[in-house]
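The values are calculated or read from the model by the stated rules, or taken from the named source; none is laboratory data. In this text, all values refer to a predicted model and were calculated from it rather than measured experimentally. Cβ placement follows ideal geometry from the backbone for every residue including glycine, while neighbour counts extend to all protein chains displayed. The protein model used for the area step is the full one, side chains on, heavy atoms only, and it has no ligands, DNA or RNA in it. Shrake-Rupley method; radii C 1.70, N 1.55, O 1.52, S 1.80 Å.
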Amino acid sequence: MAERIEQRLEDRIPELEQLERVGLFTRKEIRAVLRKASALEYKIQRRALRKEDFINYIQYEVNLLELIKKRRARIGYSFKKDEIEHSILHRVHSLFNRATGKWKDDVQLWLSHVAFCKQWNAKHQLSKVFSTMLAIHSNKPALWIMAAKWEMETRLSSESARHLFLRALRFHPECPKLYQEYFRMELMHAEKQRKEKKEFEQAKMDLGEFNYSEEILNGEMARIVYRDASQKIKGVEFQLAVLSIAKLFDFTQDLQKEILESLQTRYADDPLTWDYMARRELELGSLQPTEHTTKQKKVSEMAQREERCCAVFDEAVRAVPTEDMWKCYITFCLERYNRKTNSEELKQKRLERTLSVFSKAHEISLLPEALYKQWLQLLLDSNLSEKAVEVAEAATRHFSQSVETWQMRLQVLIQLKRDDVTQCFEEAIKRVESKGTLPLWTLWVEWSEGTNSKEDTEALYQRSLHATTPAESVTMKEMYLDWTYRNGGYKKVKKLFTSLCENRPFSLDFFRKMIQIEKEQESCKMLHLREYYERALREFGSTNTDLWLDYIKEELSHPKGKPENCGSIHWRAMKILQGDLVEDFVSKYTLLQTGHL
């Protein structure tokens, strides 16, 4: 091994001598480079190889290349690149090849090699990297797309890109993304040929030796790709993705028409098809000239476009009366309503239209639950309070088991300061199953704290502890403790804490809150702190190292603390903590002893 390393270091000497000779590095720096290289070489020649060692070596060589580049720019010296940079680049490629050969499954390692080749313009080497990587990771479509894009955009070889896409489709015959990018590539190739032909014609050159096929120029290859893909890939999403790509090219009108016809024929019952057809009306615009158009005319034209969109949506919800279709319609209306406009008339028209669509969907019970919240917010923003209350009540009738819907109705009533809030809370708790009612109880007690008497709020807290599941009651205990301290003082909260400790489960924050309350008192008693820590450790001592350390700190820092207790606390922690937590505790305890924690 030593002989091999010595040989590799000797191979560096010519480039290092050149670096010193041309004044890019000093003799001292050359020696430092040799020392570092020697250490890195030893690490990658061991029997038990580590990926990190190769990455560190590669990173060092890349940093060296960057440093040489900066120093060349500083002194204005651009010669001897073959003797210096070429040698380092060859070494980096060799390191990458060894690393990817050893850890073939590490895609990130391959991508790092690809990025390095691109950065240093190593086209020939990159072609080899892509070839080897795709042979191993042929199951990853994204890598095929990356390689094909590089062939098309960097090497300007549409033939090589096409060959890669065809190979990729043999492995992934039903991958939408591959077909989309292949479709895009063929259109880019057609556009490139059209530009070339146009430039030759403008220069009045003879096109005899150049064969520009009219079919390729018109995107016929892309049409073939689309037709093949349509037979294998079902779903309106793919059709819309391909259509959006075709719209980027100005010579694809016939192709767009074919895709649109296929979309309407094969997916007439899909909400996304109708959504696209309706939104398309916004783009069609007016046939009248737009020069010197007044603001009023622009507003009028926009209103007409939106009316055409809504006419298509109205037809859509009749043809496809589903929740998803109404959701598309409402989403469109909300988007238009939220667009900024200086015309109050247009804004009012958008609002009326949106509220009308919400009402229609609600009347036929096809309004999705998630959209009720947006409807209510819109009604409240428009000062339609009574309508909001009515809608919220109807929503809870329709989704009587939904906690979110009841929560939404209660928030509306609280915001409007209605008298029937308590009645609604009672109804919600009665209708919804006990599991999952925590949001309702937290909302109820928070509202009660600011509205009802202390006695009523305390009774509500007591009731919530019995009504919620054990896991949910943990949160209620924390809130109850905090509220009692704020409204009843230290003595009352201490009594409550003792009472609550009789029923598990607890959270760590429950104990920490009580510890914090004790520490806030003028006469903070260590005896009480020990009690709280001991109770907390009984519940969480085996899984929490910080709790033990905080207990030790308290004994060390409190005026009435006993530092001699720290040893026994440490011994108990070592005995009770499990697995890796023991090591974590030892390291933190050492830092505490040395004053670094």
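Tell me whether the chain comes out rounded, prolate or oblate; compute the Cα gyration tensor, take square roots of the eigenvalues as a ≥ b ≥ c, and use a/c under 1.5 as the rounded threshold.
oblate
With +1 assigned to the C-beta of every Lys and Arg and -1 to the C-beta of every Asp and Glu, and no other charges, what is the dipole magnitude of the chain about the Cα centre in debye, to the nearest 20?
2180 debye
With an 8 Å Cα cut-off and a minimum separation of 6 or more residues, compute the relative contact order for the range 335-425 in percent.
17 percent
Please compute the contact order of the range 1-103 in relative form: average sequence separation of alpha-carbon pairs under 8 Å and at least six residues apart, divided by the residue count, as a percent.
Reported as a whole number, the value is 33 percent.
Would you mind checking the pairs LYS140/LYS192; LYS123/LYS247; LYS430/LYS492; LYS43/LYS140; LYS387/LYS417 and listing those with alpha carbons more than 26 angstrom apart?
In this structure, LYS140/LYS192; LYS123/LYS247; LYS430/LYS492; LYS43/LYS140 exceed 26 Å between Cα atoms.
Using the Cα gyration tensor of the range 260-416, with a ≥ b ≥ c the square roots of its eigenvalues, what is the shape: rounded (a/c below 1.5), prolate (a/b larger than b/c) or oblate (neither)?
Cα axes put the range 260-416 in the oblate bin.
What's the carbon and sulfur percent of the chain's accessible surface, probe 1.4 angstrom, rounded to a whole number? List each step's numbers first, then the result.
On the way: 16530 of 33450 Å².
In the chain, the share of accessible area belonging to carbon and sulfur is 49 percent.
Show that you can apply the helix-only estimate: for the chain, add -39,500 (n - 2.57) for every DSSP H stretch of four or more residues, divide by all residues, and state [θ] at 222 nm to the nearest 500.
Using -39500 (n - 2.57) per qualifying helix, the result is -25000 deg cm²/dmol.
Pairs of alpha-carbon atoms within less than 8 angstrom and 6+ residues apart define the contacts here; what relative contact order does the range 511-596 have, in percent? List each step's numbers first, then the result.
On the way: 62 pairs, mean separation 22.2, N = 86.
Taking the mean separation of contacting Cα pairs over the length of the range 511-596, I get 26 percent.
Kindly identify the range 42-136 as rounded, prolate or oblate by the Cα gyration tensor criterion: order the square roots of the eigenvalues as a ≥ b ≥ c, call it rounded if a/c is under 1.5, otherwise compare a/b with b/c, prolate if a/b is larger, else oblate.
It comes out oblate by the Cα gyration axes.
State in Å² the accessible area per residue of the chain; use a 1.4 Å probe, count heavy atoms of protein chains only, and round to the nearest integer. List each step's numbers first, then the result.
On the way: 33450 Å² over 597 residues.
Roughly 56 Å² per residue, with all protein chains present.
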